[in-house]
Structure formats: C-alpha cells, structure tokens
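Participant: Next up is a structure, given as structure tokens.
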Amino acid sequence: MKFLLVPLLIIGMFLSFAAALVAMLFFTQTVKTPQELVDIVLGNKDSADVFEEFRLREDRLAELAVLTEEYRERYEAMTAQATAEAESLAKAGILLEEKKQDLEKKQAELGGQTDSASQRDGVERLKQLAKFYDKIKAQRAAEILQRDGQLSDTTVANLMMMLQPQQMAKIMGSMDAEFAARITKVMKELPGN
C-alpha cells in the first residue's frame, strides 16, 4: 500500500500546484479565456510576449530607434523629391522666361513695342523664379544659372537682384569666378543701380 500512496501523493501535489497556477493566471488576468490557457499549454502563444508595463525600457527604446530611423529615411526621400521638383520647376520657369524674352525681342525687331503690361508680367515671372531659387541649394542654383546658352546674362542678373541677399551671396560664391564677375558687371549696369 505504501508504494501506491507515494505516486498518488506526487500526482495530487502536481495537480494542486497546476490548479493553483491556473487560478493565478486567471486571477492576474495573464489569461482571460480558457482558449488562451490552452494556447499557452500547447505552446501556440509566445511565452516571451509579456504585457507592455513589464517590458524593459531598453526594448521600448530600441523600437523607438527603429521607428525614428524609418521616419528619417522617409523624410530624406521626401526632401530629395521636393528639392528635385523645385529645381525642375525653376529650370522650366527660366526656360520659359528666356523664350518669352526672345519673343519680345523678335516682336521689337519686327516693329512692335513691348508694352508696360508685358514688362510687368516678365518682372512677375522673375519674382516667382526668385522664390524658387531662394529655396534650392546654392550650388545647384549656380549650376543651373551658368549653363551656356540657356539664359542671357541680363536675365540672370535681374534674377539675382530679386533674391534674398544671403542666397544671392551663396549662389555667387558657388559660381565660376569668371561667370560671377560677368554677372556682377551686368548687375551694376542695370537700371536702378
């Protein structure tokens, strides 16, 4: 009989400890349904997945660092795209302005006089372009402005006069020295200077 009581005692203790464990799991709301208990027992649930308040601060910081890196990459991509679009708009605007000036010159050669309204329109278009050039990087703006055959020196000089002084200085500093000197000379000869 002794030999039978010892295994029964061991099994009874195991069952009472298991019952106490199950009761604690439900009491602490670690599990809320019998199905969750079955999932834990069968190993269907990740036992390392603990409540948010029990997670280590380092784990949260690691997650925030990953999220920060993702946002930084998205920001850089969006900034690069916005810069490229602003440069593209500035290039298109400059080309459009140059073509407009060419048309006005041809009209003047053919005997038509450019009226003050078209001159005002030209000045307005240059002001819009100046807003774009105030926003893009100075090195890139200098590259665009000093391309051969795209803009006349007078157009570049007028545009430079409409920029913010700091941006104008940065762009002039990024230009080829000979081109910058030529533009400076044209700027000096512009009316109103």
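Participant: The conditions are (1) under 19 Å from ALA86 (Cα atoms); (2) touching a residue at least 24 places away in the same chain (Cβ under 8 Å); (3) among the hydrophobic types (A, V, I, L, M, F, W, C), and ALA157 fails exactly one of them. Which is it?
Facilitator: The single condition ALA157 does not satisfy is (1).
Participant: Of the numbered conditions (1) more than 15 Å from GLU87 (Cα to Cα); (2) in contact (Cβ under 8 Å) with a residue 12 or more places away in the chain; (3) touching a helix residue (DSSP H, G or I) at 6+ places or on another chain (Cβ under 7 Å); (4) not in a loop (DSSP other than H, G, I, E, B), ALA180 satisfies every one except a single condition; which is it?
Facilitator: (2)
Okay, residues lined up against (1) assigned to a helix (DSSP H, G or I); (2) modelled with pLDDT of 80 or more; (3) polar (S, T, N, Q); (4) within 19 Å of SER174 (Cα to Cα):
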| position | (1), (2), (3), (4) |
| --- | --- |
| GLY93 | yes, yes, no, no |
| LEU96 | yes, yes, no, no |
| LYS99 | yes, yes, no, no |
| GLY122 | yes, no, no, no |
| PHE132 | yes, yes, no, yes |
| ILE144 | yes, yes, no, yes |
| ARG147 | no, no, no, yes |
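The values are calculated or read from the model by the stated rules, or taken from the named source; none is laboratory data. Since we're looking at a predicted model, the values are computed, not measured. Because the Cβ atoms are built from the backbone with ideal geometry, glycine has one as well, and the counts that use them run over all protein chains shown.
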